[in-house]
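S.K.: Structure in structure tokens, see below.
The values are calculated or read from the model by the stated rules, or taken from the named source; none is laboratory data. Keep in mind that this is a model prediction, so the values were computed, not measured. We place every Cβ from the backbone using ideal geometry, glycine too, and count neighbours over all the protein chains shown. We work out accessible area using only protein heavy atoms, side chains counted, and drop any ligands, DNA or RNA first. Shrake-Rupley method; radii C 1.70, N 1.55, O 1.52, S 1.80 Å.
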Amino acid sequence: MNKIRVIIVDDHRIVSEGIEALIDTSEDISVVAKVADIDQLFPEIRKHQARIVLVNVYEASDSDIEMIKSINKKHAEVKILIISMSADESFILKTLKTGAKGYLSKDTYRNQLFEAIYTLRNGYEYYSKSISNIILRNYLTDEIEKNDSTNKTLQSLT
């Protein structure tokens, strides 16, 4: 059986080793590399033919958005899974619009991490409950604003 090959991107060694230790309890998933930054990432993706890149984000930053864009541009076949403690709605939505296929908050349990990896491997997107709530709230707000705008336009017609 082919294992799901994962690369962890985190510049804190102890954190990446902790995530690796969690993942290594699965028989189906293998951490093939741990890197500190994007410069180390691309050679490892090619070397190991990894299909999932797990990016640990500490604070919302434009450099993280640029990394996601770069991964998607150079390796469209790779699925990006974000783990972040950031609750910045704008950042979360930007990462998803930029191409991240999964987003987990830091309160995620190991089984949710596995579920996210399997879901991405199967070609679907995965968001933890708190992230799904943010996406839904944003969608509903956009729909309400769009309907209000349409109604105002219609009311102005004679």
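S.K.: Evaluate the distance, in nm, between pseudo-label points positioned 7 Å from the Cα of E59 and of N111 along their respective Cα→Cβ axes.
M.R.: Distance between the two pseudo-spin positions: 3.6 nm.
S.K.: Can you tell me which lysines have their Cα less than 26 Å from the Cα of K106? Leave out same-chain residues fewer than eight positions away.
M.R.: Cross-link targets: K3, K34, K69, K79, K94, K97, K129.
S.K.: Sticking with this structure for a sec: I'd like the carbon and sulfur percentage of the solvent accessible area for the chain, probe radius 1.4 Å, heavy atoms only, ligands and nucleic acids excluded.
M.R.: Of the solvent-accessible surface of the chain, carbon and sulfur hold 49 percent.
S.K.: Would you work out if the range 1-75 is rounded, prolate or oblate? Take a ≥ b ≥ c from the square roots of the eigenvalues of the alpha-carbon gyration tensor; rounded if a/c is under 1.5, else prolate when a/b is larger than b/c, oblate otherwise.
M.R.: Because a/c hits 1.5 or more and a/b fails to exceed b/c, the range 1-75 counts as oblate.
S.K.: Using the eigenvalues of the Cα gyration tensor, what equivalent ellipsoid semi-axes result for the chain when each is taken as the square root of five times the eigenvalue, whole Å, largest first?
M.R.: Working through the eigenvalues yields semi-axes of 34, 16, 15 Å.
S.K.: Right, here's the next one. What does the highest-first list of 132-139, 80-87 look like by mean Cβ count within 10 Å?
M.R.: Result, highest mean first: 80-87, 132-139.
S.K.: Using a basic spin-label model with each label point 7 Å from the Cα along Cα→Cβ, how many nm lie between K69 and Q49?
M.R.: Calculated label separation equals 3.1 nm.
S.K.: Heavy atoms of the protein only, probe of 1.4 Å, neighbouring chains included. What is the accessible area of V32 in Å², nearest 10?
M.R.: The accessible area comes out at roughly 40 Å².
S.K.: Using a probe radius of 1.4 Å on heavy atoms only, what accessible surface per residue do you get for the chain? Whole Å² is fine. Mind showing how you got there, number by number?
M.R.: Numbers: 9360 Å² over 158 residues.
Computed with neighbouring chains in place, this is 59 Å² per residue.
S.K.: Which value at 222 nm does the chain reach when only helices count, each DSSP H run of 4 or more adding -39,500 (n - 2.57), with the total divided by all residues and rounded to the nearest 500 deg cm²/dmol?
M.R.: -17500 deg cm²/dmol
S.K.: Report the gain in length on full extension from D37 to R137: 0.36 nm times residue separation, minus Cα-Cα distance, nm rounded to one decimal. Spell out each step's value before the answer.
M.R.: Details: separation 100, 0.36 × 100 = 36.00 nm, distance 3.23 nm.
Net length gain for the segment: 32.8 nm.
S.K.: For the chain, with only Lys/Arg (+1) and Asp/Glu (-1) charged at the beta-carbon, what is the dipole magnitude about the Cα centre, in debye rounded to 20?
M.R.: Dipole about the Cα centre, nearest 20: 540 debye.
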